[in-house]
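Read the figures in this text as sums done on the coordinates, not as results from a lab. Source: prediction; values computed, not measured.
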Amino acid sequence: MSTLKRIALILVIVGAVNWGLIGFFQFDLVAAIFGGQEAALSRVIYSLVGLSGLFCLTILFDPMSETNSQLDNNQQIQSNNVNYGVEFGEDTDDDYKSTNRDTNPERK
């Protein structure tokens, strides 16, 4: 994840915590720290949180880009390792009968 996405995600989390505090306790943490809702620094923080939320929409619509590339690398590594193990159920009774059957009918 890029640094810009991490910063945006942190700001979105800060905004979510702030909204949770407002909803549950009617306490605006950003306003309390930076001098009220009308203070310039509070408005900057609110604006950055809002822009970060919009930027994080890119994470929503592209959530698996890193995971898919990691899976591709792991699949390439695993495809080079050949598994010679036998899975359960591969041997059939026909194989057993054909190897243990007397092939000379005159011996009976």
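Regarding the stretch 3-63, what's the average projected area of the Cα-atom convex hull, expressed in nm²? Could you put the intermediate results ahead of the total?
Details: hull surface 17.6 nm².
Orientation-averaged projected area of the Cα hull: 4.4 nm².
Test of understanding: what is the full-extension gain from Phe55 to Phe25, defined as 0.36 nm times their sequence separation minus their Cα-Cα distance? Provide the component values of the computation, followed by the final result.
On the way: separation 30, 0.36 × 30 = 10.80 nm, distance 2.81 nm.
Result: 8.0 nm gained on full extension.
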